[in-house]
1. If Gly141 meets every condition in (1) more than 18 Å from Leu50 (Cα to Cα); (2) touching a helix residue (DSSP H, G or I) at 6+ places or on another chain (Cβ under 8 Å) apart from one, which number is that one?
2. Give me a count of the residues in the range 1-37 that are in a loop (DSSP other than H, G, I, E, B), among the acidic types (Asp, Glu) and modelled with pLDDT of 85 or more.
3. Within the range 90-116, which residues are surrounded by 17 or more Cβ atoms within 10 Å (Cβ to Cβ) and over 19 Å from Ile29 (Cα atoms)?
4. Does the range 119-128 contain at least one residue that is under 14 Å from Glu26 (Cβ atoms) and part of a loop (DSSP other than H, G, I, E, B)?
Amino acid sequence: MRMAFELGILWPSDMARTPPAFEKIELEIWKRFLDGYGDSYQGIHYNVKLGEDRNVTGEMDDAMRKAAADLALKRIDAVGKRGSTWDIIEVRRHAGLGSLGQLLGYETLWLAYSGGLRPYTLTIVTDYMDIDTQLAVRERGASIFIV
């Protein structure tokens, strides 16, 4: 197996309002975030792939083999480029502790596969987060945007 890391297209933040694979409510949350904070980004990458690139074998054509391998990779919702900093962003409706777990997992994979892209931050963008979850997220040094 080989390591996979694919940032994909860097969308200018003023054009990055309809990311692929966001649920409708997450898309609304994301648009509100961009309205308030989008100007601080030079651009945004969506569905950033990282993980072990699995060799899928069997009786599949090349397109199906690639699709199966892509599905095995993890995907960060968004990675924003802000100056020299990379913001690893999880967008979630009613974010709970699972959002923090997701980010911590992405952080581990980012460190393993990104080739040393630093500095980076961890960020949750949501419409609601209870006070205990906010405490846990901030204790881990991550940022929260409730929009």
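The values are calculated or read from the model by the stated rules, or taken from the named source; none is laboratory data. Because the structure is a prediction, the values reported are computed rather than measured. Reconstructed Cβ throughout: ideal geometry from the backbone, glycine too, with neighbour counts over all protein chains shown.
1. Failing condition for Gly141: (2).
2. Filtering the range 1-37 for residues in a loop (DSSP other than H, G, I, E, B) gives 1, 7-10, 12-23.
With among the acidic types (Asp, Glu) added as a condition, the list becomes 14, 23.
Among the residues that remain, those that are also modelled with pLDDT of 85 or more are: 23.
The qualifying residues number 1.
3. Tyr106, Glu107, Leu109, Trp110, Tyr113, Ser114
4. The answer is yes; a qualifying residue exists.
Every residue, every condition in (1) modelled with pLDDT of 95 or more; (2) touching a strand residue (DSSP E or B) at 6+ places or on another chain (Cβ under 7 Å); (3) within 19 Å of Val147 (Cα to Cα), yes or no:
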site	(1), (2), (3)
Asp39	no, no, yes
Val48	no, yes, no
Gly51	no, yes, no
Asn55	no, no, no
Gly58	no, no, no
Arg65	no, no, no
Ser84	yes, no, no
Glu107	yes, yes, no
Trp110	yes, yes, no
